[in-house]
Amino acid sequence: MSHHTPRPTGDDPATGRDILLQVPIRLLFTAVTPSTLQGRLHYTTADPYAVTVDVMMGTEIVATWVVARDLLDAGTHRPSGEGDFRVWPSWSPKGPNRSLFFSLDRPAGHATFETNLPVIRQWLDSTFEMVPAGSEGELLDWDALEADLLGSG
């Protein structure tokens, strides 16, 4: 199976409650070697508004960001984001080699990455097939969330 193919993950892959994507990402504007790393995107219905983005060197996670799925989705079409996560598409013509760029800011520094936009778009489409936009709130346990927020859970 290609690392570019979205696939269910978790305890019961048949339920399709999680989708994981592993995709090569290239670290830009640096002399650090290797410049090609692994990106891992994880979507779960347990947190239907968010996507977890891990930057990995080998099997070690070197950075993790949790970003809004809608932000990542918008970034495949136009520059999006403020603060520590920004995402934007390449301005090249449409095609299989189009790039998606994202920048990450941390107190320790800044990094900009490039990956394959059509692969990310296909994966995002899979998440929206699983949980359509606007229906995320139906999956949340509002009573449990309230209990957590009020410290009574």
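The values are calculated or read from the model by the stated rules, or taken from the named source; none is laboratory data. Only a predicted model underlies this, so the values are computations on that prediction, with no experimental measurement involved. Here the Cβ positions follow ideal geometry from the backbone for every residue, glycine too, while neighbour counts run over all protein chains shown. Heads up: the accessible areas ignore ligands, DNA and RNA and are worked out on the full protein's heavy atoms, side chains in. Shrake-Rupley method; radii C 1.70, N 1.55, O 1.52, S 1.80 Å.
Out of curiosity, is Gln38 open to solvent by 50 Å² or more (accessible area, probe 1.4 Å), at pLDDT 85 or above and in a strand (DSSP E or B)?
yes
Filter the stretch 83-101 down to the residues that are open to solvent by 20 Å² or more (accessible area, probe 1.4 Å) and either under 26 Å from Ala31 (Cα atoms) or basic (Lys, Arg) (or both) and list them by number.
Passing the criteria: Gly83, Asp84, Arg86, Trp88, Trp91, Ser92, Lys94, Asn97, Arg98, Phe101.
I'm checking my understanding of the structure. Among residues of the stretch 69-109 that are in contact with a strand residue (DSSP E or B) (Cβ under 9 Å, 6 or more places away or on another chain) and among the basic types (Lys, Arg), which one is modelled with the lowest pLDDT?
Checked the stretch 69-109; the qualifying residue modelled with the lowest pLDDT is Arg106.
Look through Val66, Val53, Val23, Val62 and report the one residue that is modelled with pLDDT of 90 or more, closer than 21 Å to Thr112 by Cβ, touching a strand residue (DSSP E or B) at 6+ places or on another chain (Cβ under 7 Å) and loosely packed, with under 15 Cβ neighbours inside 10 Å.
Answer to the check: Val66.
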